[in-house]
Amino acid sequence: SQTIHQWPATLVQPVGSPLSLECTVEGTSNPNLYWYRQAAGRGLQLLFYSVGIGQISSEVPQNLSASRPQDRQFILSSKKLLLSDSGFYLCAWSEPQGRTGELFFGEGSRLTVL
Amino acid sequence: QQPVQSPQAVILREGEDAVINCSSSKALYSVHWYRQKHGEAPVFLMILLKGGEQKGHDKISASFNEKKQQSSLYLTASQLSYSGTYFCGTEIGENNDMRFGAGTRLTVKP
């Protein structure tokens, strides 16, 4: 069966520090991968999505970046965090393109920038 | 390209019904519905692909209008476990770029 792992679950970082959130999927090949951010009490904002290795589509051009070094690995990064980067970050995957299906979410990473 | 969801919040008594709407300015490839409990990840409820489609399980159902620009989620005879935030997620094309509405916070009280 397919599983998705996301870490760390919680982190507190000072403004200006770097960030790295990692997400891996097991049990499937060539999944679509997504990073969403949810500010407190708000909706899900699509940050990045990827349909294959090295293929990253960005929705938010700010100080965040994403990479997909392996088929089932998706990394969210920042060189210098801002206060506004605080939130609940969710990684998700779905079946490859052409087979519309549900999104499977990771457990989330709660980031607090101080 | 983000869908518009309404209402923002609903408070119900057990056994009452609710309708949550999701609309787009463009025809949609698909509509997904998810429910999120506080502090948890969203959980998939259902997906609609065809104009005029209706789908449901138990007492939660959804419809997709003929023009594929509007979907509604129906919760009947609500239970305490229905409480949470409901999101519609939409795809405009086959690009798999799922975007979500702002969410509807549903509270069911005894």
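The values are calculated or read from the model by the stated rules, or taken from the named source; none is laboratory data. These numbers come from a predicted model, not from an experiment. Heads up, the Cβs are rebuilt from the backbone with ideal geometry, glycines too, and the neighbour counts pull from every protein chain shown. What goes into the accessible areas is simple: the full protein's heavy atoms, side chains included, and nothing from ligands, DNA or RNA. Shrake-Rupley method; radii C 1.70, N 1.55, O 1.52, S 1.80 Å.
Miscellaneous remarks
- Residues satisfying the stated conditions in the stretch B:66-84, i.e. part of a loop (DSSP other than H, G, I, E, B) and open to solvent by 10 Å² or more (accessible area, probe 1.4 Å): B:E66, B:K67, B:K68, B:Q69, B:T76, B:A77, B:Q79, B:S83
- Residue count for the stretch B:85-101 under the criterion of being among the acidic types (D, E) and surrounded by fewer than 17 Cβ atoms within 10 Å (Cβ to Cβ): the result is 1.
- Residue among A:L47, A:L90 that is more than 9 Å from every other protein chain (Cβ to nearest Cβ) and not small (G, A, S): A:L47
- Across the stretch B:36-80, the number of residues qualifying as among the basic types (K, R), within 14 Å of chain A (Cβ to nearest Cβ) and farther than 16 Å from B:E91 by Cβ comes to 2.
- Scan the stretch B:92-110 for residues that are touching a residue at least 60 places away in the same chain (Cβ under 8 Å) and more than 7 Å from chain A (Cβ to nearest Cβ) and the total you get is 9.
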